[in-house]
Amino acid sequence: MTDVEVLVVGGGISGLSIAWWLAQAGVSVEVWEQTSRPGGKIQTVKENGYLMEQAASVVMNFRPEITHFMQKSGLEAYKILRADTTNRYLVNNGKLLALPMQLIPMLMSPLWSWRGRLRMFSEIIIPKGGNAQETVSEFITRRLGKEVLEKAMDSFITGTLASDPALANAYAVLPRLTYLESRYGSIAVGVIMNKLLQRKTAAITEAFSFQGGMQTLINFLAQQTCFRSEHAVTEIAKIGKKWRVSTENKTVFAQQVVLSTPANIAANLIKPLDKELANCLTEINMAALSVVHLGFSHNDIKHPLDGTGFLTPRKENLAVTGCLWMSSLFSDRVPSGKVLLSSYLSGALQDDEQSVTAVMEALKPLLGIDCSPENVRIDRHKQGLPLYYGDYTGRMAKIIKHLEKLPGLYLEANYQGGVSVRDRIARAAEVAKKILAWRKI
Ligand SMILES: Cc1cc2nc3c(=O)[nH]c(=O)nc-3n(C[C@H](O)[C@H](O)[C@H](O)COP(=O)(O)OP(=O)(O)OC[C@H]3O[C@@H](n4cnc5c(N)ncnc54)[C@H](O)[C@@H]3O)c2cc1C
């Protein structure tokens, strides 16, 4: 039996980035991953010249921790910025409508009725309100009106988080907007103040991927940390001051352990230690979703694909909740003259033919396509994204309280603090700091 200072269970982006921050600080750390490869949900696949992402495809960064990470790691050299295209499209009455990202042109978009626009303008004078249990629907309707919820926010929450805005907790999934309200009394005032003060955190500063896709980030992290594949952890136990971590045929003692697995797996491992904490984790449900990647010749598509892609409000009743035009976002994703469209569907159970048919029915009228795709790949995630439903803040407080009774044990994966790669790497830095601080006690 060997000893290690910190053992991280789970080699997705959460676990790998915690290990990376710790390794930078000189800590002896291992990452144990049950499958044969690092990355968890994230994997880049190249088929017939098309570079496709199984899960995360873009890092939307506005956090200084990520900028620091990119510079310190040297990954800055492999970064590819999203193409300088400003159009984002929404499906509106069965057609694609460009939604400008600058405030004034966005407010003047034909998407909004005059009534809706006036309601948006009145946000500035609406008093502070809400509570920690407020849902996205309640928060957005209260501050910006029903039209913003139905025409824009609904599609953002369903398309990017596979969640229902009527159930998703506003504080958990819209932390920046809820913060602006609580700090400045109004989202609009908060945005203006941050602009005036030139706070970098006030706006998305850049969106990027890597040469070779997100796999480059994953491979880099796995190489820089002590990553062990085919290490499925079956048991953790507290023995004296140390943690004993076991797979079917290996055991290690660690001073500190981080569980970076999905919540249900963490629940199984924790059950013998704290049943209530395990129950709390079991309550976190996951949304199933599929990604259908279709490759075409550029000439087969009438739409200029002059944007990042589109999102679909639920009232439009389309199978596709969102579509990223990957070949418009990043120049290195397709062979010359080709395009790659990655569409997202809720659920993971459809068969291949049904999935492609459903996507083609949605895309054909929107993009003017009258032929079949020449390349098809489907990625299914039965447990795709955690749902930040219900009393998120209460649940997280409960988790923290229970963990206080299990010193040296940490839970860190995408069911708390945000699902994005940005939030995962930034949260990992915070957890690493806690681990380092505990080490000094
Ligand atoms: C379709 C899709 C599209 C997305 N698009 C974006 C995007 O464009 N931008 C963005 O920022 N984010 C995006 N995301 C979100 C992001 O990809 C995920 O939230 C993130 O990758 C999750 O990382 P994680 O490490 O927390 O969890 P996982 O990736 O689930 O990693 C957990 C790891 O734990 C391992 N494990 C489980 N049990 C054990 C065990 N007993 N022993 C050892 N190991 C174990 C698993 O095998 C897995 O490798 C997307 C997600 C999906 C599904």
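The values are calculated or read from the model by the stated rules, or taken from the named source; none is laboratory data. In this text, all values refer to a predicted model and were calculated from it rather than measured experimentally. Here the Cβ is made from the backbone with ideal geometry for all residues, glycine too, and neighbour counts use every protein chain on show. To get the accessible areas, we keep the full protein, side chains included, count just its heavy atoms, and leave off ligands, DNA and RNA. Shrake-Rupley method; radii C 1.70, N 1.55, O 1.52, S 1.80 Å.
Summary of values
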| item | result |
| --- | --- |
| Charged-residue dipole, Cβ positions (Lys, Arg, Asp, Glu), segment 153-273 about Cα centre, Debye nearest 20 | 620 |
| Lys238-Asp332 FRET efficiency (beta carbon distance; Förster radius 51 Å; 0.05 resolution) | 0.60 |
| Size of electric dipole in segment 102-201: Cβ of Lys, Arg +1 and of Asp, Glu -1, about Cα centre, debye, nearest 20 | 440 |
| Proximal charge balance of Met106 [Cβ under 11 Å; K/R count +1, D/E count -1] | +2 |
| Angle between the chain longest axis and helix 215-224 axis [Cα atoms, degrees, rounded to 10] | 20 |
| The chain - Rg and Dmax from Cα coordinates, angstrom | 22.4, 70 |
| Residue-normalised accessible area of the chain, given per residue in Å² at a 1.4 Å probe | 45 |
| Cα long-axis angle, helix 187-196 against the chain (0 to 90 degrees, to the nearest 10) | 80 |
| Gyration tensor verdict on segment 180-297 (Cα atoms; rounded if a/c is under 1.5, prolate if a/b is larger than b/c, oblate otherwise) | prolate |
| Accessible carbon and sulfur surface of the chain relative to its total accessible area, %, 1.4 Å | 55 |
| Extreme residue, positive dipole direction of segment 352-441, given options Tyr389, Gln416, Pro373 (C-beta unit charges) | Gln416 |
| Zone of Ser297's modelled label, taken as backbone nitrogen in segment 334-373 under 12 Å from a point 7 Å along Cα→Cβ | 337-339, 371-372 |
| Magnitude of the charge dipole, the chain, Cβ model with Lys/Arg +1 and Asp/Glu -1, debye to 20 | 1380 |
| Tail weight of P(r) past 16 Å, computed on alpha-carbon pairs of segment 102-201, percent | 57 |
| Debye intensity ratio I(q)/I(0), log10, segment 1-144, q values 0.10, 0.17, 0.19, 0.20 Å⁻¹ (C-alpha model) | -0.67, -1.14, -1.21, -1.26 |
| Overall form of segment 308-402 per C-alpha gyration tensor (a/c, 1.5; a/b vs b/c) | prolate |
| Rounded FRET efficiency, nearest 0.05, which uses the C-beta distance separating Thr282 from Lys95 and R0 of 35 Å | 0.20 |
| Local net charge near Ala207, Cβ-Cβ under 12 Å (Lys/Arg +1, Asp/Glu -1) | +2 |
| Rounded FRET efficiency, nearest 0.05, which uses the C-beta distance separating Glu76 from Ala437 and R0 of 41 Å | 0.90 |
| Shape call, segment 201-267: gyration tensor on alpha carbons, a/c limit 1.5 | prolate |
| Antiparallel DSSP beta bridges within the chain, percent to nearest 5 | 70 |
